[in-house]
1. Using the structure shown, decide if Glu257 is surrounded by 13 or more Cβ atoms within 10 Å (Cβ to Cβ) and within 27 Å of Thr242 (Cβ to Cβ).
2. Counting just the residues of segment 214-234 that are in contact with a Ser or Thr (Cβ under 6 Å, 6 or more places away or on another chain) and not acidic (Asp, Glu), which one comes out nearest to Ile86 (Cα to Cα)?
3. Out of Ala362, Ala288, I need the residue that is assigned by TED's automatic domain parsing to the domain that holds Thr82 and of a type in the set (A, V, I, L, M, F, W, C). Which one?
4. Taking Lys285 as the residue in question, decide whether it is basic (Lys, Arg), on the phi < 0 side of the Ramachandran plot and in contact with a Gly (Cβ under 8 Å, 6 or more places away or on another chain).
5. If the requirement is being part of a loop (DSSP other than H, G, I, E, B) and within 30 Å of Gln293 (Cβ to Cβ), which of these qualifies: Gly134, Gly149, Gly160?
6. What number of residues within segment 230-284 are basic (Lys, Arg) and under 20 Å from the mean Cα position of the chain (by Cα)?
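The values are calculated or read from the model by the stated rules, or taken from the named source; none is laboratory data. Keep in mind the model is a prediction, meaning the values are calculated, not measured. Here the Cβ is made from the backbone with ideal geometry for all residues, glycine too, and neighbour counts use every protein chain on show.
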Amino acid sequence: MATHRPSELAIGESTLEPPLTLSTETATPAAAQEAHVRELLNRWGSGGFFRLKYMGEKIFVDRIEQGAAYVVDLRTHYEERTFRQIEEPYGGGPVDDNRVPPDVWQVPVRPAAEFEQQVEKVVVPGTERVALCGGCAGNGRVVCPQCHGQGHRVCPNCGGTGMIEQQVAVAGPGDPKNNTMTAPRVLRRRCHCGGGQVRCSACAGNGAQTCGRCRGTGRTKTFEQLQARFYVVEGRQVLDDTPVADKALGELTGECELELKAPLITGHRQVSEKVGQCIAAELKKSHAIDARQQRVLAQSLNVARIPQTEVKYTYAGVERRLWICGKEERVFAPGAPWQRERYWLLVGGIVVAAAIVLVVLAFVLVR
Ligand SMILES: [Zn+2]
Ligand SMILES: [Zn+2]
Ligand SMILES: [Zn+2]
């Protein structure tokens, strides 16, 4: 009896005690997560001059929490139609003036491709009219505006006097020490124009020019031009409770929460209340248009869920927070500890360099 007891006890003890190999491999998910965070922070710490090296090992991790930010992207393709009255010279040809012009949205326009931005201009059918030119009253020619019909104008060289005065410097007696003294003298000569007038170059001396509005035809054609402008408006909203910059979050990858494309998005499947409210507001904004001039052609809605790991940690007795965001696991650590001595080293280096430059400059200038 006494002989086999110790062996029984030994077996019992060994089964109760945890095996020694369970130190790292079968660690709890929380421990594995913390190890991963520390590894990320070590890598982050070595990625910047002022960052704390091996930061992951130097901090005390208080808590790790999983959260998410949402990036709501809405693209809307619009068409806007406006009209303009156009006048152009009429030199003959068919005139489309004998039918009722169609309604704004009935005017045929080449449709734009999906989310294509462009401008199309078309003549509205039935709006062409031909009339006598208002610029020349049908003459085709107008009085030359440069010479007011004279055919000639004042010579620009002599200003109409026929003579050109020129001031020349002639060496004067001066004082004996300085022989550069000069005396001004005026020379007069005849201008090459003769009588102070030159032929008008704008009308070649005719006093009349071809009418620009009708290009000499005496008639113009007016019509309504429809301008269809296809444009895209993109809106991005970032729903985030952390101090991480929205712009930075928008550049990260996450999981697709919602993806929709429709001629006009009016509804979507169930999402969280916060995201739903944001989508509703964005859609409402995108649909607020003047229906007489604008219409929505297509919309696409994308909602991405960007994972965010919040790490509460303590370093040097101060509680701080940082975030690890996106599939990229980018670290955002505002207020993270940094290497102050490196800063002073840099400032000191700059001061010394500046001093050396000054000394060298002074040396060169003195010589
Ligand atoms: Zn004219
Ligand atoms: Zn002249
Ligand atoms: Zn002229």
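1. yes
2. Phe223
3. Ala288
4. For Lys285, the condition - basic (Lys, Arg), on the phi < 0 side of the Ramachandran plot and in contact with a Gly (Cβ under 8 Å, 6 or more places away or on another chain) - is met.
5. Selected residue: Gly134, the only one of Gly134, Gly149, Gly160 that is part of a loop (DSSP other than H, G, I, E, B) and within 30 Å of Gln293 (Cβ to Cβ).
6. 2
Okay, residues lined up against (1) surrounded by fewer than 12 Cβ atoms within 10 Å (Cβ to Cβ); (2) at pLDDT 90 or above; (3) not assigned by TED's automatic domain parsing to the domain that holds Ala228:
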| position | (1), (2), (3) |
| --- | --- |
| Pro102 | no, yes, no |
| Phe115 | no, yes, no |
| Glu120 | no, yes, no |
| Val123 | no, yes, no |
| His148 | yes, yes, yes |
| Gly160 | no, no, yes |
| Val170 | yes, no, yes |
| Pro176 | yes, no, yes |
| Asn179 | yes, no, yes |
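The rows are residues; the columns are (1) β-branched (Val, Ile, Thr); (2) within 16 Å of ligand 1 (Cβ to nearest atom).
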site: Leu187; (1), (2): no, no
site: Cys214; (1), (2): no, yes
site: Val238; (1), (2): yes, no
site: Ser272; (1), (2): no, no
